[in-house]
Amino acid sequence: MQLSGDSTKALFVQVAELIEDQILGGILLADEQVYSTNQLAKLYHINPATARKGLHMLVEENIIYKKRGLGMFVSEGAVHYIREKRKNNFYYDYILTMLKEGEKLDISKEEIIHMIERNEGGKS
């Protein structure tokens, strides 16, 4: 994954999501060391403070933890935390937005469900 200066998301959020994606993808496992601030800064050509902020965000969410003098490591249960957080975000960012737009267009929840079911398997 590349970081994008054009994204509406702050770079530190993109750094955090990059690490989350690697945890979800099984690239980083529980109790494995994650990238250091300096490694992230060098790899993605960003300010170390930006990388640190992204890592700190994950520490605050209990997705990674600090081992004094050793670095940051993936927390046990990180996959669960990330999935729950992203499911919640999906609900607010997509489902509620879709339902509100449906209301504006006078589309019932049942019609929306039908539209979704009609598209199962990638069919239009």
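Counting only residues that are among the acidic types (Asp, Glu) and in contact with a Gly (Cβ under 7 Å, 6 or more places away or on another chain), the stretch 7-25 holds 0 of them.
The set of residues from the stretch 10-36 being β-branched (Val, Ile, Thr) and buried (at least 21 other Cβ atoms within 10 Å of the Cβ) comprises Val15, Ile19, Ile23.
The C-beta contact set for the stretch 29-49 (first residue farther than 13 Å from Leu18 by Cα, second residue in a loop (DSSP other than H, G, I, E, B), distance under 6 angstrom, 6+ apart or interchain) comprises Ala30/Glu76. Listed here are the helices (runs of 4 or more DSSP H) enclosed by the stretch 22-124 that have at least 1 residues being touching a strand residue (DSSP E or B) at 6+ places or on another chain (Cβ under 8 Å): 48-60, 78-90.
The numbers here are math on the coordinates, done by the rules we state, and not lab data. Predicted model, so just to flag it, every value in this text is computed and none were measured. Neighbour counts are summed over all protein chains in view; Cβ atoms, including those assigned to glycine, are modelled from backbone coordinates with ideal geometry.
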